[in-house]
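What follows is one structure encoded as structure tokens, with my remarks underneath.
The values are calculated or read from the model by the stated rules, or taken from the named source; none is laboratory data. The structure presented is a predicted model; accordingly, all values stated were derived computationally and were not measured. Here the Cβ positions follow ideal geometry from the backbone for every residue, glycine too, while neighbour counts run over all protein chains shown.
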Amino acid sequence: MSQPLQQPDANRTYEEILQKWGVPQGRCINKGNFGRIISVRDGWVVKMQSPRKAPESEQRRRAEVAEMEANIHFFMQVNEAPHIPRLVEVAGVRQARYAMRMEDVGESLYTVYTKGALSIEKIETIAKMALEALSWMHYHSILHGDLKPENMFMRHIGDFGLSRTGKDFDCLCGSRFYRAPEVIFGLKHDVKADLWSLGCILFEILTGNVFLRCHDLETEYASDLAHIHSIQVRLGSIPKEAFQKRRFLDANGDLEQPLNPVLMKRTIHQMLENDHRRGDGYRYLVDLILRMLVVQPEERISAADALKHPFFHSEFSSDLQFHLHLRGEDIEVFKTGKLEVYAGEEQPLLEEIDLQWVGDHSCFHIPKQSTPYGLRYFDSSGISEKMITRRIENGILTLSRKDFFDVNCDDSDMI
Ligand SMILES: Nc1ncnc2c1ncn2[C@@H]1O[C@H](COP(=O)(O)OP(=O)(O)O)[C@@H](O)[C@H]1O
Ligand SMILES: [Mg+2]
């Protein structure tokens, strides 16, 4: 990092700093794990370490965390990272600690969304803001590491207490609900872990439900195992390769059974399907969230790519959307083929979709047409399998895998 912070002054106390900054006997607006925020007049806040007593080793650890936080925030400030609270001043104090004076950026996203549902347009603004900030950070090899509604604001992301620079990270383990699978698996992870957290957050502010409300159990292992089973309930079974290590797998290579029963029942699709806001914007947003909540980090969308997603680039009602969701046992067979979309039988080809590149749930645009649409599926040998014709209703083309295969399938595989 360029321009490192000054070393803390061994003789200076927090009290002296607060006095220098003219902080009145501050009203504490929040106490977090490591830090404490004191509200201050004139639109800024001070974050400094809690004076709570702790064993010396723990105090040393907290001081290290605070120093790293101050350094990273300072680096981002100097290099004009977007959407971070402006750092006005950093002061090093006794025992290797730092006090940070920064812009007051208002209520946290947690406070805002728990007061009432957010519109799709508001969520779009928040998602874009977060992705712009993450895209900058990830470009500079900085992992945020602790994204959650409490650490986000309407126009900013904050709390860089667990942020780190580098390529491969070991677990510093941000809040459990938002922790990425690879972190739970105990694998080295990279900046993609932030995209999982953001997917959880967007799901939460869209639906009002925490995506994975996994509580801490007696042991870390039991909590992690329950967490993995919960992910499976929501997203379907996790491929064994995702684990890389044998942790959590039994002698046969199968996932161990959880010690406590997993209470979650609904899949992500069941949780999303009854929303009354099922307009175009809602569908784009769901598509984006599904690309973030992908277990394998290499297949998870990056922040830079997420910014190119149609959710941010469409007049929600100008095009017709075509949502394709592939799921089930024969997905691999299906994925070797190709799909063509026509403006009806014998009418021009509008879209050619190589199914190999289709995620578990994908959203396509097709220009608005008054004619019915035809879809032709080709298997990998290029021999046409089936032509079906569908009329667009309410701007959404609804398809099911049953349309292409003669299989018994209760799920609606495409929405
Ligand atoms: N710049 C800020 N402006 C307004 N409120 C803030 C700011 N930074 C933090 N807060 C509030 O204080 C809380 C704790 O701050 P945070 O930086 O997350 O500390 P911790 O590391 O203890 O979690 C946040 O959840 C938020 O409500
Ligand atoms: Mg925090």
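For region 191-237, which residues satisfy the criterion of being basic (Lys, Arg) and either touching a Pro at 6+ places or on another chain (Cβ under 9 Å) or free of Cβ contacts under 8 Å to residues at least 12 places away in the same chain (or both)?
Lys192, the sole residue that qualifies.
From the residues in region 109-155 that are more than 13 Å from Ile205 (Cβ to Cβ) and of a type in the set (D, E, K, R), which one is nearest to ligand 2 (Cβ to nearest atom)?
Looking at residues that are more than 13 Å from Ile205 (Cβ to Cβ) and of a type in the set (D, E, K, R), I get Asp146.
When region 185-204 is examined, which residues are found to be hydrophobic (A, V, I, L, M, F, W, C) and modelled with pLDDT under 95?
Residues satisfying the conditions are Phe185, Leu187.
In region 81-90, is there at least one residue being assigned by TED's automatic domain parsing to the domain that holds Arg213, surrounded by fewer than 22 Cβ atoms within 10 Å (Cβ to Cβ) and not aliphatic (A, V, I, L, M)?
no
Limited to region 91-114, what total is found for residues that are over 17 Å from Ala70 (Cα atoms), of a type in the set (A, V, I, L, M, F, W, C) and within 7 Å of ligand 1 (Cβ to nearest atom)?
Of the residues in region 91-114, 1 are over 17 Å from Ala70 (Cα atoms), of a type in the set (A, V, I, L, M, F, W, C) and within 7 Å of ligand 1 (Cβ to nearest atom).
I'd like the full set of residues that are surrounded by fewer than 19 Cβ atoms within 10 Å (Cβ to Cβ), modelled with pLDDT under 95 and either farther than 22 Å from Ile228 by Cβ or within 14 Å of ligand 1 (Cβ to nearest atom) (or both), limited to region 153-184.
Arg164, Thr165, Gly166, Lys167, Leu172, Cys173, Ser175, listed by residue number.
Kindly indicate whether Arg213 is surrounded by fewer than 16 Cβ atoms within 10 Å (Cβ to Cβ), in contact with a Gly (Cβ under 9 Å, 6 or more places away or on another chain) and basic (Lys, Arg).
In short, no.
Per-residue answers, yes or no, for (1) at pLDDT below 70; (2) away from ligand 2 (no atom under 16 Å from the Cβ):
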| site | (1), (2) |
| --- | --- |
| Ser2 | yes, yes |
| Tyr14 | no, yes |
| Leu18 | no, yes |
| Lys31 | yes, no |
| Gly35 | yes, no |
| Ser39 | no, no |
| Trp44 | no, yes |
| Lys47 | no, no |
| Glu56 | no, yes |
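What is the residue count in region 158-200 for residues that are within 16 Å of ligand 2 (Cβ to nearest atom), aliphatic (A, V, I, L, M) and assigned to a helix (DSSP H, G or I)?
Total satisfying the criteria: 1.
Can you tell me which residue within region 262-275, out of those that are in contact with a helix residue (DSSP H, G or I) (Cβ under 9 Å, 6 or more places away or on another chain) and exposed (fewer than 15 other Cβ atoms within 10 Å of the Cβ), is farthest from Ala127 (Cα to Cα)?
So, considering only residues that are in contact with a helix residue (DSSP H, G or I) (Cβ under 9 Å, 6 or more places away or on another chain) and exposed (fewer than 15 other Cβ atoms within 10 Å of the Cβ), the one farthest from Ala127 (Cα to Cα) is Leu263.
Of (1) in a loop (DSSP other than H, G, I, E, B); (2) surrounded by fewer than 15 Cβ atoms within 10 Å (Cβ to Cβ); (3) without any contact (Cβ under 8 Å) to a residue 40 or more places away in the chain, Thr111 satisfies all except one. Which?
Looking at each condition in turn, Thr111 falls short on (1).
From the list Glu124, Glu150, exactly one residue is within 17 Å of the chain's Cα centre (by Cα), among the acidic types (Asp, Glu), surrounded by fewer than 22 Cβ atoms within 10 Å (Cβ to Cβ) and closer than 21 Å to Ser175 by Cβ. Which is it?
That would be Glu150, the only listed residue that is within 17 Å of the chain's Cα centre (by Cα), among the acidic types (Asp, Glu), surrounded by fewer than 22 Cβ atoms within 10 Å (Cβ to Cβ) and closer than 21 Å to Ser175 by Cβ.
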